[in-house]
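Step one of this worksheet: look at the structure below.
The values are calculated or read from the model by the stated rules, or taken from the named source; none is laboratory data. In this text the structure is predicted, and so the values were computed from the model without any measurement. All Cβ positions, even for glycine, are placed from backbone atoms using ideal geometry, and neighbour counts span all protein chains on display. These area figures cover heavy atoms from the full protein model, side chains too; ligands, DNA and RNA do not enter into them. Shrake-Rupley method; radii C 1.70, N 1.55, O 1.52, S 1.80 Å.
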Amino acid sequence: MHELAVAQEILALVQRHVSDDQASLVRAVRVRIGDLAGIVPDSLEFCFSAVVAGTPWQGAALVMTRVPAEACCLACTAVFPTVAPGSGCPSCGGGQVRMVRGQELHVDAVDLAADDVERGALGGGEVAVR
C-alpha cells in the first residue's frame, strides 16, 4: 500500500511550510488527486489519519478533490475525457494523445483555524506518486 508513503510525504510537505507552534491550528490539508494517479482515496485518508494520530497535527483532516482524466489529441488538438492513457481520439480517431490532466497528486492548501493566519499557508507542492 503506497498510500502510506504518500500520506507521510503530504505530512512532511505540510511540516516544511507550517511551523510546529502552528501545528494544532491545522484543520485541513487540501489535495487534488487525478483519477489515474494510482491512489485509492479511502486508503489515503486512512493512512493520513494514522500518520497524524498522536502528533500535534492530529486535528488535520485530508480534504480530497477528484480530478477527472483528460487527454489531448496530437493530431487535431481535441481535449476529451478518458479512462486510459492509450485511448484514441473520439473526434478524429487519432491514436497519438497526451494526457493533460488526471495523473496528478497536488497539495493545494492548508487551512488553519486562526482567523489572523491566512488560508493557504502552503503555497502548493507536488508529491511524487510514482
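Taking every protein chain into account, the 1.4 Å probe leaves Arg32 with about 80 Å² of accessible area, to the nearest ten.
The amide H of Val97, built 1.01 Å from its N in the peptide plane, has Leu74 as neighbours under 5 Å, considering only residues 5 or more places off or on other chains.
Enclosing the Cα atoms of the chain in their convex hull gives a volume equal to 104 cubic angstrom per residue.
Label-to-label distance, Ala75 versus Asp42, with points set 7 angstrom from Cα along the beta-carbon direction: 4.0 nm. Counting only DSSP beta bridges with both residues in the chain, the antiparallel share comes to about 70 percent. Working note: Karplus 6.51/-1.76/1.60 with θ = phi - 60° gives region 93-110 the couplings x, x, x, 9, 10, 10, 5, 10, 6, x, 10, 8, 9, 10, 8, 8, 7, 10 Hz, where Gly and Pro are set to x. In degrees between 0 and 90, to the nearest 10, how far off the longest principal axis of the chain does helix 41-52 point, with axes built from Cα atoms? The answer is roughly 20 degrees.
May I ask you to derive the FRET efficiency for Ala84 and Ser19 from their Cβ-Cβ distance with R0 = 41 Å, giving the value to the nearest 0.05?
Numbers: r = 43 Å, r/R0 = 1.05.
So the FRET efficiency works out to roughly 0.45.
Applying the Karplus relation 6.51 cos²θ - 1.76 cosθ + 1.60 with θ = phi - 60° to region 66-73 yields 3J(HN,Hα) values of 6, 10, x, 6, 9, 10, 10, 6 Hz, where x marks Gly and Pro. Using the Cβ-Cβ distance between Ala53 and Cys92 with R0 set to 41 Å, the FRET efficiency works out to roughly 0.20.
Scanning residues 5 or more positions from Ala71 or on other chains, those with amide H under 5 Å from its amide H are Phe80, Thr82, Val100, with H placed 1.01 Å from N in the peptide plane.
When you restrict to C-alpha pairs under 8 Å that are six or more residues apart and normalise by the size of region 30-95, the relative contact order lands at 31 percent.
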